[in-house]
Each structure stands twice: as C-alpha cells, then as structure tokens.
Amino acid sequence: MELDIDRRDPVYRNWLKDAVGKVQADANRSADTHLLSVPLPAEWGIDLYLKDESTHPTGSLKHRLARSLFLYGLCNGWIRPGKPVIEASSGSTAVSEAYFAKLIGVPFIAVMAKSTVRSKIDLIEFHGGRCHLVDDPCEVYEVAVRLAAESGGHYMDQFTYAERATDWRGNNNIADSIFRQLALERHPVPAWIVATAGTGGTSATIARFVHYTQQDTGVCVADPENSAFFPSWQSDDPDVVTDRGSRIEGIGRQRVEPSFVPGAIDRMMRVPDAASVASIRVLERLLGRKAGASTGTGLWAAFRIISDMRAAGEQGSVVGLLCDPGERYLEKYYSDEWLAAQGIDIAPFTARIEHFLTTGELSTAVPVSAAVPVSEPAAV
Ligand SMILES: Cc1ncc(COP(=O)(O)O)c(C=O)c1O
C-alpha cells in the first residue's frame, strides 16, 4: 500500500525563512573581533595575542555559539514560532541566546545556578529573557529538560550541541579568524592556541580547524580547580565527576560535557583559581582592560607555555582568548573581600607573573589548593 504524509506548513516555513534571514542579517552587520597583542620583551622572539571576544554585541565568545545554536535549532525544525527556547547556562551563553531569541521573536528562559553574578541576570532580562535560578548547579540540566517539556519549548542544550552546531572547517569561525588575523605577523602560524572549556565547543572548533587545515599549531585547554575535564583527560575516563562546582564562571564543569572532544586536544593544564585571578589583575595593568577570570585561566597557561618555549630556546607566537569583560565580575574577581571570603590568595601568583614578565621564567610547582572551602554553590 502506498502512503504519503505531507506535513509542509507554508505559514511555518515563511516564519522559518524570516527567522533564519534575521540571524544571518545580524551576522552580516557584525564586525570581526580584534586580535590584541600583549606586550612582551621583543628580544624573546615570542609574541602573545588575545582574541578579544568581549566585543561581540552580547559581550562574550558565547555570541558565536548562540548564533550557531539558533541556526542549528531553526534549520533542524526544533525552534518553533511562539514556543520558548530554554537553556542551562553559567550565564554568558544565556545572555547571547536571549539576544537571538528576541531577534527572532521567541520567548527565552535561562536555567542557572543561584551563584551566577547579578550582572548576567540583568543582561538576560535586558534582552527580554527570564531567569530560573536553582540552588544546586548540577540541577540545571534536568530543570531545563522539565521546563521544555512543560512548555512545549526547545531545550537548546549547548553542552551537547556546541561542538556540532559550529562550522569548524571555516566560515569565519574563531580559529579561521585567528589564522587570518595572524597572516602579517612575524610568526603567522601560532606554536600554541590556548582555550578553556565550558561546553568544550570552542576548543573542539579550534582543534578541528587546526587539524583540517594541516597546521603545526598545538591546542592546549586550561582547566580550573574542581573541574572534571582535566582529571578525565589525564586518566582517559569520560565518567569523572567532581563534588563541587568551579569558581571560575563559564568554565570548569562537574561532569565531562558531551561537547568536549578530548582526542583533538594536545595538552591540558590545571590552573589554580588564584593564578586565574592574579592573571586578569596583571592583564589589566598590561592592556588597560578588565577581563573575566576564565581569560586568566587561559592566560596563566599561555605564560607557562611561553616560559617553556624560552627554556627550550624556541620562538613563535601563542594565542589565548579574552572571553568576556571583567566589568561583569566586579563583585567577585575584582573584589578583595570576595577573594578573602573564598580563601583565595593571589599574591604569590602575582609575584610569579611579575617575575615571568621580566625574566621569561614562570616557576612550575604550585599545588592546587584542595582545602579551600566554598561557602556558596559555585556557578557552572
Ligand atoms: C566566560 C567564558 N569563558 C570561556 C567559556 C568556554 O567556552 P566553551 O563553552 O566553548 O567551552 C565559557 C563558556 O561558557 C564562558 O562563559
């Protein structure tokens, strides 16, 4: 018996065309982000750059991801007119997704840990989104699934789809852009690119692009305390979980997210939280800019890589990411009271960075403090 089911809905298809067109037109109006040069002594023969992702319209590298996730969800028929988009987030992705939801005219709900900084909640609400806060950061996934089921909406699930929604072969992705912007530098092919991992999507895109375009560049992921990514990569065990959340907003997860692609990564470092914060405080002196602490996690790893290159007599370039602006975290990483309450002492790390900036040497052995009490549920 022949069967034929035609579900084509011209009204929906017109809405879809319009929504995809709006997202693409928004991208077409956007400029690329800058590749900033971080000053180091010229005689080292090593150049350090930061890809400044804080200048996207929604202030973080998550703007790229949110655009990709919206296009993926729209083109898959998952995002529907009048139905909410729901996301589990540490805040940055939700800020960017709220922007795109408003652009195409669908409601948006962010599910986040209560400890997320107020400024991100304000930004989500500014873009017309709603925030659903949960006590336990590990709950964000299941609450987002439940809200989507109850509302008939779409759970975007950045942690699963980040790596596949992004076009890693090129198309002005973050890696493509970095390589094009380095073209006229003295070391146009970077020795290393350093990323951090929240979903793992950014590091997956960079690593895949490097391999696809047959570059010699190494890809390093810097991971904060209390994150599952580093121990999982170290032991080759995808089931590692940790018992407390990361204090570095946006990165470090208690489980290994599906978008983390471990086989594509060359090197990982575990970075003490105090080193991450010390790095952004020093960066402010170097660049006149405040950055979020995840930028510091990657920057510390870049300092260590440069120190190793110096010791090995190597020259070349190293690229890190300026993930989001520090103004979002004045009450955390730029607050000495918050640091004291968390038991974070940045002084020894600041001294090591200052020593590095004059000598090129960053001593290695600093134990990660496992004993620091976390007085509030950490944001993830
Ligand atoms: C501030 C910040 N930095 C870095 C990252 C890491 O990006 P990815 O999710 O691509 O691993 C995130 C992700 O949430 C973030 O919010």
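The values are calculated or read from the model by the stated rules, or taken from the named source; none is laboratory data. Nothing here was measured: the structure is a model prediction, and the numbers come from that model. Quick reminder, even Gly has a Cβ in these numbers, built from the backbone with ideal geometry, and neighbours come from all protein chains shown.
Residues of segment 130-167 that are within 16 Å of the ligand (Cβ to nearest atom) and in contact with a helix residue (DSSP H, G or I) (Cβ under 7 Å, 6 or more places away or on another chain): Cys131, Met156, Gln158, Tyr161, Ala162, Glu163, Ala165, Thr166. Checking each residue in segment 302-331 for being touching a residue at least 60 places away in the same chain (Cβ under 8 Å) and away from the ligand (no atom under 16 Å from the Cβ) picks out Arg304, Ile305, Ile306, Met309, Arg310, Glu314, Gln315, Gly316, Ser317, Val318.
For segment 1-45, give me each residue that is of a type in the set (Val, Ile, Thr) and either touching a Ser or Thr at 6+ places or on another chain (Cβ under 7 Å) or assigned to a helix (DSSP H, G or I) (or both). Of everything in segment 1-45, those that are of a type in the set (Val, Ile, Thr) and either touching a Ser or Thr at 6+ places or on another chain (Cβ under 7 Å) or assigned to a helix (DSSP H, G or I) (or both) turn out to be Val11, Val20, Val23, Thr33.
Tallying residues that are more than 19 Å from the chain's Cα centre (by Cα) and within 11 Å of the ligand (Cβ to nearest atom) within segment 57-96 yields 0. Please specify each residue of segment 311-345 satisfying the condition of being touching a strand residue (DSSP E or B) at 6+ places or on another chain (Cβ under 7 Å) and outside any loop (DSSP other than H, G, I, E, B). Answer for segment 311-345, where residues must be touching a strand residue (DSSP E or B) at 6+ places or on another chain (Cβ under 7 Å) and outside any loop (DSSP other than H, G, I, E, B): Gly316, Ser317, Val318, Val319, Gly320, Leu321, Leu322, Pro325, Gly326. Among the residues of segment 261-282, those that are of a type in the set (A, V, I, L, M, F, W, C), within 30 Å of Leu330 (Cβ to Cβ) and in contact (Cβ under 8 Å) with a residue 60 or more places away in the chain comprise Ala274, Ala275, Val277, Ala278, Val282.
Could you list, in sequence order, all residues of segment 155-178 that are closer than 21 Å to His56 by Cβ, surrounded by fewer than 21 Cβ atoms within 10 Å (Cβ to Cβ) and without any contact (Cβ under 8 Å) to a residue 60 or more places away in the chain? Scanning segment 155-178 gives Gly170, Asn171, Asp176. Applying the criterion of being buried (at least 18 other Cβ atoms within 10 Å of the Cβ) and not in a helix (DSSP H, G or I) to the residues of segment 179-196, the residue that is nearest to the ligand (Cβ to nearest atom) is Thr196. Residue check: is Lys22 surrounded by fewer than 22 Cβ atoms within 10 Å (Cβ to Cβ), within 30 Å of Lys332 (Cα to Cα) and not assigned by TED's automatic domain parsing to the domain that holds Leu286? The answer is no for Lys22.
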